[in-house]
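So the structure is just underneath, and the comments pick up after that.
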Amino acid sequence: MTSTTSPKIGARRPSPAPLPGNPRKRGGRPSGLPWILPAFVFVVGLIYFCIVETGYISTLDWDGTSPTPTSVGLDNYTAILQDPIFWKAIWHTVVFFVVTFTVQTAIGFVFAALLHSKVRLGAVYKVLVFAPVVLAPATMAPVFRQMFAADGQLNWTLDHIGLGFLSQPWLAQSTTAMPVIMFITVWQFTGLTFVLYYAAMGQIDPETLEAARTDGASNLRVLRSIVWPGVRSTTVALAMLGVIGALKTFDVPYLVTIGGPNYSTEFLGTYIYRISIPSAHVGYGAALSILLLILALLGAIVVATRANRKDGESSV
């Protein structure tokens, strides 16, 4: 009489061998390479290639059309460091970032806090604050040029409310052209700051806010001690975007003042365009572009490093 042994209940059966051509890899997981390959090809094949090509062009004395460019090594970079317009553009970028970031942060934070309270027609206010973000600068530039012209609406209004002594050619003076550019930028991008702060405030635990009010904390104390620290990561992200955006500023100053008068609103973006296209110094403009990329990366790294350092100090 033969005895048979039955398999144990619950014993794991061996998995069948994968069929030929089966895309399953180790551990039974499909390969992710086909999914990331298009983005990888785009980033490496286009963006990084363009950066490398721009770096090569920056070592040439070239007008962009000549078939025989002249190699000059690092002479373009040496000339940039001795270029007063370059340093003026850097100074304008620093002042522009400090002023616009500070004003946008303050206004955006206040608007977000107000609209998180019980305000009538809150949806209408959100649309009004965010609407300038979606408007193209090319469509708004003629409006602002007309508004701030010597015979524009701003001076007309000042004359008719008894403040005619403040009337002046706002875009034709070095002392007032840059404040006008800052005003336009704040008007355009405060809505983005507001939306990000509004979303960040929605993530704060309402029980924490209620407990603070129960303990007698005023609204200002709640904003300062709970809400502002709670949206700190958003502030850091906005600072990084502000640094990069200030370095890349082009459309508003070029469309409104073309970098003038007397280079008073010149930024790296407008300077690169004027050097590369109208002046046909493509090699010099490429060197400026490489320095712009380096400064943008350094600015973002500095902001992120300082933020991480403060996070570490606050957690100790």
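The values are calculated or read from the model by the stated rules, or taken from the named source; none is laboratory data. Keep in mind that this is a model prediction, so the values were computed, not measured. FYI the Cβ positions are ideal-geometry reconstructions off the backbone, even for glycines, and counts take in every protein chain you see.
Return the only residue of Val98, Val52 being at negative phi, under 22 Å from the mean Cα position of the chain (by Cα), part of a helix (DSSP H, G or I) and free of Cβ contacts under 8 Å to residues at least 24 places away in the same chain. Please lay out each step first, then the result.
Numbers: Val52 fails: under 22 Å from the mean Cα position of the chain (by Cα).
Of the residues listed, the single one that is at negative phi, under 22 Å from the mean Cα position of the chain (by Cα), part of a helix (DSSP H, G or I) and free of Cβ contacts under 8 Å to residues at least 24 places away in the same chain is Val98.
Yes or no: Ile107 in contact with a helix residue (DSSP H, G or I) (Cβ under 7 Å, 6 or more places away or on another chain), buried (at least 16 other Cβ atoms within 10 Å of the Cβ) and hydrophobic (A, V, I, L, M, F, W, C)? In short, yes.
What about Trp87, is it loosely packed, with under 12 Cβ neighbours inside 10 Å, among the aromatic types (Phe, Trp, Tyr), at negative phi and out of contact with any Pro (no Cβ under 6 Å at 6 or more places or on another chain)? Working first, answer last.
Working: loosely packed, with under 12 Cβ neighbours inside 10 Å: no; among the aromatic types (Phe, Trp, Tyr): yes; at negative phi: yes; out of contact with any Pro (no Cβ under 6 Å at 6 or more places or on another chain): yes.
No; evaluated as a whole, the condition is false for this residue.
Restricting Leu121, Leu166 to those that are touching a Leu at 6+ places or on another chain (Cβ under 6 Å) and exposed (fewer than 15 other Cβ atoms within 10 Å of the Cβ) reduces the list to Leu166.
Looking at the structure I just gave you, is Ala246 in contact (Cβ under 8 Å) with a residue 40 or more places away in the chain, surrounded by fewer than 16 Cβ atoms within 10 Å (Cβ to Cβ), hydrophobic (A, V, I, L, M, F, W, C) and within 27 Å of His92 (Cα to Cα)? Before the answer, list the steps.
Numbers: in contact (Cβ under 8 Å) with a residue 40 or more places away in the chain: yes; surrounded by fewer than 16 Cβ atoms within 10 Å (Cβ to Cβ): no; hydrophobic (A, V, I, L, M, F, W, C): yes; within 27 Å of His92 (Cα to Cα): yes.
So Ala246 fails the test.
Scan the range 285-295 and tell me whether some residue there is over 19 Å from Trp91 (Cα atoms), surrounded by 12 or more Cβ atoms within 10 Å (Cβ to Cβ), of a type in the set (Gly, Ala, Ser) and at pLDDT 90 or above. Within the range 285-295, one or more residues are over 19 Å from Trp91 (Cα atoms), surrounded by 12 or more Cβ atoms within 10 Å (Cβ to Cβ), of a type in the set (Gly, Ala, Ser) and at pLDDT 90 or above. Listed by position, the helices (runs of 4 or more DSSP H) inside the range 144-220 whose residues that are under 26 Å from the mean Cα position of the chain (by Cα) number at least 3 are 174-201.
I'd like to check something: does the range 110-132 contain any residue that is under 30 Å from Ser174 (Cβ atoms), in contact with a helix residue (DSSP H, G or I) (Cβ under 8 Å, 6 or more places away or on another chain) and assigned to a helix (DSSP H, G or I)? Within the range 110-132 (the criterion being under 30 Å from Ser174 (Cβ atoms), in contact with a helix residue (DSSP H, G or I) (Cβ under 8 Å, 6 or more places away or on another chain) and assigned to a helix (DSSP H, G or I)), the answer is yes, since at least one residue qualifies.
Which residue, of Ala112, Ala106, is touching a residue at least 12 places away in the same chain (Cβ under 8 Å), among the small types (Gly, Ala, Ser) and under 15 Å from Tyr197 (Cβ atoms)? Outline the logic, then answer.
On the way: Ala106 fails: touching a residue at least 12 places away in the same chain (Cβ under 8 Å).
Among Ala112, Ala106, only Ala112 is touching a residue at least 12 places away in the same chain (Cβ under 8 Å), among the small types (Gly, Ala, Ser) and under 15 Å from Tyr197 (Cβ atoms).
Here the condition is being β-branched (Val, Ile, Thr) and free of Cβ contacts under 8 Å to residues at least 12 places away in the same chain; of Thr208, Thr176, it holds for Thr176 alone. So which residues in the range 58-88 are touching a Ser or Thr at 6+ places or on another chain (Cβ under 9 Å) and not acidic (Asp, Glu), if there are any at all? Within the range 58-88, Ser58, Thr59, Leu60, Trp62, Gly64, Ser71, Val72, Gly73, Leu74, Asn76, Tyr77, Lys88 meet the criteria.
When each of Thr265, Thr249 is tested for being assigned to a loop (DSSP other than H, G, I, E, B), polar (S, T, N, Q) and more than 17 Å from the chain's Cα centre (by Cα), the lone residue that passes is Thr265. Residues considered: Leu46, Leu74. Of these, the only one that is under 24 Å from Arg274 (Cβ atoms) and free of Cβ contacts under 8 Å to residues at least 24 places away in the same chain is Leu74.
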